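First up is the structure itself, then whatever we jot down about it.
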Amino acid sequence: MVFNNLYPAKVNDRLWKFLLSTYVTFDTGDLNNLSSLLYNEGEEFDGDEYIATNGYDTIPNFLANGLDIQLNQRVTQIDYSNSKIKVTHNGKSCEADYVLVSVPLGVLKNNSIQFTPSLPTTKQNAIQKVGMNCVNKFLLTWNSVFWDNEQYIYYTPEVKDKFNFFVNVNKNNPTVNALMTFAYADYARQTETITDTQIIDEIMLHLKDIYGNSIPNPTNILRTKWQTNENSFGAYSYTAVGTEMQHFNDLANEVNNKLFFAGEHTNIDYFSTAHGAYLSGIREADKIIALL
């Protein structure tokens, strides 16, 4: 890694591990596979940052209002070789004039959907070359609050990428005594093979280092496993070694004016973000409307 070569004295410094982990790996991807030329690409979105205290699902629920959405339909094949596109899902098939593929990049990398004919070589190459990060979240609850009344609580562990800052949920929702913490990249993937009890023990080591050994164990834990989730196979895209910025446009390009692609990984300016995914959907909808 470039950083290790340039600053060998900082490699084992806890503060530098924290900074690289929280402000680079979290926002991009695995440092040993992150492009040193493109790591800072992308644009910043204007406006203030807010926390959705009533749940992030309020946004897709609002957007879904009035739409005919069929849940739990796993698409396995998309045949766009004829005038009508045939989509196979749960052993059934349906036809459409246009299809918008908005699955995460990880699903495309996993070849979970069979395309007929095969996707263009440029798109296949982009799917392979753009990186897919993994960030997992861990929400722990307690009967009472023992931590500081701050929005964020930071910790500098010896091992990078693990449970190094905590979001105080109680700060915005006083009825919930909870902290949320994170794991990134390879360590995030490793957590998916670790039991809840082991995760709690690891997190409590950090909290006890901050608040002392007398603090209680949590009453419950909720966690994500994005890498092994067959609906995602990762969290979001990043500029890996071998990635070119053109690859994001290649991922966005429609095929034969019939097959369209959306998702954060198709937005060259705002990849790896929720607003990037949203804007890509507007972009593709405009393309399809123009063809009607």
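For P218, the conditions (1) assigned by TED's automatic domain parsing to the domain that holds F26; (2) farther than 26 Å from M180 by Cα are fulfilled apart from (2). Name every residue in the stretch 258-290 that is in contact (Cβ under 8 Å) with a residue 40 or more places away in the chain, outside any helix (DSSP H, G or I) and not aliphatic (A, V, I, L, M), in order of residue number. K258, F260, F261, G263, D269, Y270, F271, S272, T273 - these are the residues of the stretch 258-290 that are in contact (Cβ under 8 Å) with a residue 40 or more places away in the chain, outside any helix (DSSP H, G or I) and not aliphatic (A, V, I, L, M).
Within the group A252, A235, which residue is in contact (Cβ under 8 Å) with a residue 24 or more places away in the chain, surrounded by 21 or more Cβ atoms within 10 Å (Cβ to Cβ) and farther than 20 Å from L100 by Cβ?
Values: A252 fails: farther than 20 Å from L100 by Cβ.
Exactly one residue qualifies, and that residue is A235.
Looking at the stretch 270-292, is at least one residue out of contact with any strand residue (DSSP E or B) (no Cβ under 7 Å at 6 or more places or on another chain) and over 29 Å from L71 (Cα atoms)? No. Taken as a whole, the stretch 170-177 holds no residue that is touching a residue at least 12 places away in the same chain (Cβ under 8 Å) and surrounded by 20 or more Cβ atoms within 10 Å (Cβ to Cβ).
Counted as qualifying within the stretch 168-221 are the helices (runs of 4 or more DSSP H) with 2 or more residues that are of a type outside the set (S, T, N, Q) and closer than 16 Å to K137 by Cβ, namely 185-191, 196-211.
The values are calculated or read from the model by the stated rules, or taken from the named source; none is laboratory data. As the structure is a computational prediction, the values presented were derived from the model and not from experiment. Glycine also receives a Cβ, built like all others from the backbone with ideal geometry; neighbour counts cover every protein chain displayed.
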